[in-house]
Structures are given as C-alpha cells and as structure tokens.
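To keep things clear, I will list the structure first and then write my remarks on it.
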Amino acid sequence: MEQTGWASTTPYSCIFFCGGPYNYPRIRRSVSFDLEVGYRKAPRHGYFIGFGVPEVAEITGRTPGGTYLYLKSRLLYGSVRWAWYSRNSRFINSIGPALLVSRDAESVGPGIGSSHTQVCPGVQLSSQFRFIDRRTWLLAFKAYFRTGLSATTQTYEKQELTFSPTGSTTRSVQLPGRKLPLTHANIGLQIGLKYR
C-alpha cells in the first residue's frame with residue numbers, strides 16, 4: 001500500500017500544534033442540501049419524493065515520495081417512499097428505495113477534469129415530528145437514515161519526481177481506488193410549505 005499511494009506520514013513542515021502520523025486518505029465531510037415533496041393520498045398514508053446532495057467529502061491522499069492527490073466526492077440521491085401518518089398527523093414515518101450516485105473528481109492539480117461516477121441502489125428510512133403544523137407551513141424535527149452498496153473511487157495515476165545526487169527521475173505512481181461507504185444519517189429541523 002505504501003508503494004502505490006495513500007501512505008501514512010508526519011508533515012515535515014509542522015512546527016506548532018503538530019499531530020501525527022496522519023493516515024491517508026484523510027476524508028473531511030460536510031452536509032449540503034435535501035429537498036422533499038410529499039403527497040397525502042389518505043388520512044393515514046401518502047408518498048414522499050426526495051432528492052439532493054446530502055454529502056460532500058474532500059479526500060486527500062499522499063504517496064511516500066510526496067505526491068498528493070486531492071479529490072472532491074459528492075453523493076447525490078433520489079428516493080420514492082411510502083409514508084404513514086399518526087392519528088393526529090404530527091408523527092410521520094416513511095420507507096422506500098433510493099438511487100445513490102457517487103462522483104469523485106480531482107479538485108487540485110494537473111488532472112483536474114477527470115472524474116468517476118457510480119450509481120448504486122439503496123434504501124431510505126425517515127421519521128419526522130411536526131411540532132408546528134399550520135394550514136400553509138410546518139416546522140418539524142426530522143431524522144433519516146440512507147444506505148446503499150458501497151462505491152469505489154477510480155485509480156488515479158500521478159507523475160512523481162524524485163531527486164538523487166545523480167539527478168532527478170520521474171516515475172508514474174498509482175493511487176488505487178478507495179472504498180467509500182454510502183451510508184448517511186442525519187438529524188435536524190425541516191421547514192415546509194403546504195398546499196391543499
């Protein structure tokens with residue numbers, strides 16, 4: 001693994017607040033957005049359609065020779081779920097299939113523009129409690145869990161320059177594909193508009 005990339009290292013320019021060794025790949029995640037549309041067919045059941053970009057991750061890899069790879073990975077999803085409502089319509093649960101799309105691309109360096117996309121089947125479960133439920137708008141506490149088959153980044157090839165007393169040489173190194181889990185859970189507030 002250390003010969004092909006995604007190595008472990010301690011940063012040699014570190015002076016203050018040093019930690020290490022750092023394990024590569026390092027992944028930093030951030031949440032983006034979700035949008036959901038619901039249709040209440042009967043007093044106790046209905047449907048939800050959801051889509052969005054729930055997660056963006058920055059992945060950093062490093063070879064022992066000092067070559068870095070910066071990837072930006074986005075997870076997009078779409079889901080159709082069957083929902084059932086409580087008697088007072090404040091508590092709603094839903095479950096259904098989801099389609100998960102994972103896309104990774106180089107964000108820094110000469111390889112910008114190369115990308116890799118995978119489509120994976122999945123499932124989504126969600127629950128919400130509407131503590132404000134007016135005629136035209138709602139405010140709810142929502143939790144959801146989405147999972148699917150794991151995706152893998154593509155193999156990225158980089159040119160590594162090494163220096164020696166006799167001169168410099170260039171060699172091609174490969175950073176192999178890394179498995180990316182497509183499981184995502186979130187808890188938060190939901191603001192919605194209602195149309196009757």
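The values are calculated or read from the model by the stated rules, or taken from the named source; none is laboratory data. This structure is a prediction, so every number in the text was calculated from the model and none was measured. Here the Cβ positions follow ideal geometry from the backbone for every residue, glycine too, while neighbour counts run over all protein chains shown. With ligands, DNA and RNA removed, areas are computed over all heavy atoms of the protein, side chains included. Shrake-Rupley method; radii C 1.70, N 1.55, O 1.52, S 1.80 Å.
Residues L69, L161, ordered by accessible area of protein heavy atoms at a 1.4 angstrom probe radius and largest first, appear as L161, L69. For the range 43-138, the list of trypsin sites (Lys or Arg not before Pro) that fall in a loop by DSSP and count at most 10 other C-beta atoms within 10 angstrom reads R87, R134, R135. Just the protein heavy atoms count here, and of the accessible area of the range 129-191 at 1.4 Å, carbon and sulfur take up 58 percent.
Roll a 1.4 angstrom probe over the protein heavy atoms and tell me the percent of accessible area of the range 36-77 that is carbon or sulfur. Carbon-and-sulfur percentage of accessible area, whole number: 59.
Note on T152 and S168: the extension gain reaches 2.4 nm, defined as 0.36 nm multiplied by sequence separation minus the Cα-Cα distance. Length gained on full extension, Y68 to V37, computed as 0.36 nm times the residue gap minus the Cα-Cα distance: 7.0 nm.
For the residues T162, T63, a 1.4 Å probe over the protein chains yields an accessible-area ranking, largest first, of T162, T63. Distance between the C-alpha centres of the range 76-129 and the range 142-187: 22 Å, rounded to the whole angstrom. Straight-line cross-link reach from K158 at under 14 Å between alpha-carbon atoms covers these aspartates and glutamates, not counting any fewer than eight positions away in the same chain: E106. Accessible surface for V53 stands near 20 Å², nearest 10, in the context of the full protein assembly shown (1.4 Å probe).
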